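What follows is a set of notes on a single structure, which appears directly below.
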Amino acid sequence: MEAETLALAQEMDFSMWALFARATFTVKLVMILLIVASFWSWSIIVQKLIAYRKARAEAAVFDRAFWSGDPLDELFDQIGADPGGRSERVFAAGMIEWRRSHRQDGGLIAGAQARIDRNMDVAIAKEAEDLQGGLSVLATVGSVSPFVGLFGTVWGIMHAFIGIAEQQNTNLAVVAPGIAEALLATGLGLLAAIPAVIFYNKLSADADRIVAGYEAFADEFSTILSRQLDS
């Protein structure tokens, strides 16, 4: 009897695809959901890594141009009112308000400094929202996926025990497939959750550093304009 059970267990296919194919509809649905969540997470991760790298490179290029000593009006004329770089957009927001604050006689409209600062703050907020967009998905996948996988595991084990009761048989050949299918759901849940949590923390910190750089630049730019206003 034991030899027959062992032979039957050895004949069973325990590959990932076989486990998925033998799983119940509910467990299959859980597995598909977790696989989709994992792919979605990785697409956001790759997209953000590329976007943050580009943002840092753009900021470095713009910083060199800004501190090169050339007149700020010339720099603004070069990049235009709607530039492509994030740092350039913050600079353009300040320069646009700076020019709007000049009267036709050359004087400045009262409250120019506050409006310039506010305009740059709005530009920074837009860049921060764009940089951090999608990170909430990683947080959700990282926190929910293990529980979704656990649900699939519980459902699969329950189905396995029902099968044992129906067949009145506790042989390994009866128990093992159902347990393996159930544990696969937990594994997929962790596979989706772990990278999502790790990269959520990393990307959140990267986004905060990039935005902090924009804020530091805005403070420096505001100081330069303030000197011109006071002169």
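Expected output is a single nm value to one decimal: the length gained when fully extending between residue 60 and residue 219, i.e. 0.36 nm times separation in residues minus the C-alpha distance. What is it?
55.5 nm
Could you tell me the distance between the Cα centroids of the range 60-97 and the range 192-231, to the nearest Å?
Each part reduced to its Cα centre gives a spacing of 17 Å.
Determine the sum of side-chain charges near residue 96: Lys and Arg each +1, Asp and Glu each -1, restricted to other residues whose C-beta is under 15 angstrom from that of residue 96.
With Lys, Arg at +1 and Asp, Glu at -1, the neighbours total -1.
What list of ³J(HN,Hα) values in whole Hz, one per residue of the range 88-101 in order, does the Karplus curve 6.51 cos²θ - 1.76 cosθ + 1.60 (θ = phi - 60°) give from phi, with Gly and Pro shown as x?
Going residue by residue, I get 5, 5, 5, 4, 4, 4, x, 5, 4, 5, 4, 6, 5, 7 Hz, with x marking Gly and Pro.
With charges only on Cβ, +1 for K and R and -1 for D and E, what is the dipole size of the range 26-230 about its Cα centre, in debye, rounded to 20?
560 debye
In terms of modelled amide H atoms, which long-range or inter-chain residues lie less than 5 Å from the amide H of residue 134?
Here the answer is none, since no amide H 5 or more places off falls under 5 Å of that of residue 134.
Where in the range 26-41 is the amide nitrogen less than 18 Å from a point lying 7 Å along the Cα-to-Cβ axis of residue 137?
In the range 26-41, the label zone of residue 137 (backbone N under 18 Å from the point 7 Å along Cα→Cβ) covers 32-41.
A short reminder: the numbers here are calculations on the coordinates, not readings from a lab. In this text the structure is predicted, and so the values were computed from the model without any measurement. Methodologically, a virtual Cβ is constructed for each residue, glycine included, from the backbone with ideal geometry; neighbour enumeration extends over all protein chains shown.
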